[in-house]
Amino acid sequence: MQIHSKLPDVGTTIFTVMSSLAVEHQAVNLGQGFPDFMMSEELIDLVDAAMKKGNNQYVHMNGLPLLRERIAEKCFKLYNSNIDPETEITITPGGTYAIYTALTTVLQPNDEVIVFEPAYDSYIPNIEINGARAVRISLHYPSYSIPWGEVRSKVNERTRMIMINSPHNPTGSVLSEDDITQLRSIVTDTNIIILSDEVYEHLIFDGIQHQSILRYPDLMERSFVCFSFGKTYHCTGWKIGYCISSAAAMKEFRKVHQFNCFSVDSPKQFALADYLQNEQAYLTLGPSIQTKRDYFRKLMQATPFKLIPSHGSYFECYSYGGISDMNDKDFAIHLTKHYGVATIPVSAFYKEATDNKVIRFCFAKREETLDRAIKRLTDFC
């Protein structure tokens, strides 16, 4: 049997490669973005209670109504955004699924989507599998800011979507109010749709305000905004997220969703609906994770790696240009095999493997994990 591949240039993701190497060489895994500390016991207990109450069968295709209502309440409190839980929110099996479904809902063959690199690795394959073309624009290095003049030059009659991601994976950069102003000026009086990946919405630091698209009604009307409970509550393996959009756009989103995932994990939806009432759980998340970032930064001062500051997410990037001439993938593999610390080479987030000699670290770990990793890095240096 022969299959004509829809993604002929795609292989195993760098996350799988580096995590496998970490296991093989018993390395400290600061590569893939998952915490190694426990999630909330209260939330675990709520799942257990939901299962014991018999909430184990299908819930509504669009998601548990109470959960959608609680999400809408949260959006109003955080962003002063009036979201209709019945028509504008759909619960999904993860944020990546929400992104894929939004792209599949909209894209037709030969459409163009503006994507900023380095980019989360699912974006471009998701675009291409729908027969569309990714128009890649590199963020300014090392600030990883958006070159809006170049964006304007790339917009044409085929431009169907602009994808944004803040806080940004892999760099931890965040969008400003000026970025939103620039985006608005580009899409006004066009048919361009915005896909806003906001899975790290609560993981934002240094007193910076998250510029959610939900804050801006005119942009919200033309957007799909994607979120993740896994990143918010340190349960990445649960794979539960949600998408918010206008009623008309969400109607089309649900047409695709219903034939791909009829219903998302029921007991966890009941538990999350209850847990969302604990506002402090997400309001204190940014400061809590910033403490880990700051601890990691302090430890890294003992090494010659050069900081590229992060203001959000689980991640911070460092340049090793003053240490080695190796390309970043070989350097990351060398660190894993010979010094027992797994990272992610940032070139993996560029389709053409742009190499600025930068690697990404996940600092969402216990202090003892970070201590062990830095001890190994100082041995290397």
Tally of residues being among the aliphatic types (A, V, I, L, M) and farther than 20 Å from VAL135 by Cβ across the stretch 192-212
4
Considering only residues of the stretch 229-263 that are free of Cβ contacts under 8 Å to residues at least 40 places away in the same chain and part of a helix (DSSP H, G or I), which is surrounded by the fewest Cβ atoms within 10 Å (Cβ to Cβ)?
ALA248
I want to confirm something. Restricting to the stretch 6-24 and keeping residues that are surrounded by 10 or more Cβ atoms within 10 Å (Cβ to Cβ) and among the small types (Gly, Ala, Ser), which single residue is nearest to ALA348 (Cα to Cα)?
SER19
Taking only the stretch 319-376 into account, find how many residues are on the phi > 0 side of the Ramachandran plot and crowded, with 16+ Cβ neighbours inside 10 Å.
2
Answer with yes or no whether GLU41 is surrounded by fewer than 20 Cβ atoms within 10 Å (Cβ to Cβ) and touching a Leu at 6+ places or on another chain (Cβ under 9 Å).
no
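This table checks each residue for (1) under 22 Å from GLN32 (Cα atoms); (2) under 20 Å from the mean Cα position of the chain (by Cα).
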| site | (1), (2) |
| --- | --- |
| TRP148 | no, no |
| LYS154 | no, no |
| GLU157 | no, no |
| HIS168 | yes, yes |
| ASP178 | no, no |
| THR181 | no, no |
| ASP189 | no, no |
| ILE208 | no, yes |
Qualifying position, being modelled with pLDDT of 95 or more and more than 30 Å from PRO267 (Cβ to Cβ), among ILE124, ILE99
ILE124
Taking the options THR190, THR181, name whichever one is part of a helix (DSSP H, G or I), among the hydroxyl-bearing types (Ser, Thr, Tyr) and farther than 18 Å from TYR97 by Cα.
THR181
Does ASP330 fit the bill of being more than 22 Å from the chain's Cα centre (by Cα) and free of Cβ contacts under 8 Å to residues at least 40 places away in the same chain?
yes
Members of the stretch 360-379 found to be farther than 27 Å from MET39 by Cα and without any contact (Cβ under 8 Å) to a residue 60 or more places away in the chain, listed by number:
ASP379
Report every pair of residues separated by at least 6 positions or lying on different chains whose Cβ atoms are under 6 Å apart, first residue within the stretch 40-64 and assigned by TED's automatic domain parsing to the domain that holds TYR233, second of a type in the set (Phe, Trp, Tyr) and surrounded by fewer than 13 Cβ atoms within 10 Å (Cβ to Cβ).
MET61/PHE262
Can we say ASP206 is among the charged types (D, E, K, R) and either without any contact (Cβ under 8 Å) to a residue 12 or more places away in the chain or outside any helix (DSSP H, G or I) (or both)?
yes
Among the residues of the stretch 142-149, are any crowded, with 21+ Cβ neighbours inside 10 Å, in a helix (DSSP H, G or I), of a type in the set (Phe, Trp, Tyr) and not assigned by TED's automatic domain parsing to the domain that holds LEU307?
no
Considering only the stretch 54-102, state which residues are outside any loop (DSSP other than H, G, I, E, B) and among the hydrophobic types (A, V, I, L, M, F, W, C).
LEU66, LEU67, ILE71, ALA72, CYS75, PHE76, LEU78, ILE89, ILE91, ALA98, ILE99, ALA102
Criterion violated by GLY31 - all others in (1) within 21 Å of the chain's Cα centre (by Cα); (2) surrounded by fewer than 20 Cβ atoms within 10 Å (Cβ to Cβ); (3) not assigned by TED's automatic domain parsing to the domain that holds HIS234 satisfied
(2)
Name every residue in the stretch 228-267 that is closer than 17 Å to MET61 by Cβ, in contact with a Pro (Cβ under 8 Å, 6 or more places away or on another chain) and not charged (D, E, K, R), in order of residue number.
ILE240, GLY241, CYS261, VAL264
If we ask which residues in the stretch 1-48 are under 23 Å from TYR282 (Cα atoms), out of contact with any Lys or Arg (no Cβ under 8 Å at 6 or more places or on another chain) and in a helix (DSSP H, G or I), their number turns out to be 7
Out of the residues in the stretch 183-218 that are hydroxyl-bearing (Ser, Thr, Tyr) and in contact with a helix residue (DSSP H, G or I) (Cβ under 9 Å, 6 or more places away or on another chain), which is surrounded by the most Cβ atoms within 10 Å (Cβ to Cβ)?
TYR200
Return yes or no: is CYS226 surrounded by fewer than 24 Cβ atoms within 10 Å (Cβ to Cβ), touching a residue at least 24 places away in the same chain (Cβ under 8 Å) and assigned by TED's automatic domain parsing to the domain that holds ALA102?
no
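The values are calculated or read from the model by the stated rules, or taken from the named source; none is laboratory data. Everything quoted here is computed from the prediction, not taken from an experiment. Positions of Cβ are backbone-derived with ideal geometry, glycine not excepted, and every protein chain shown enters the neighbour counts.
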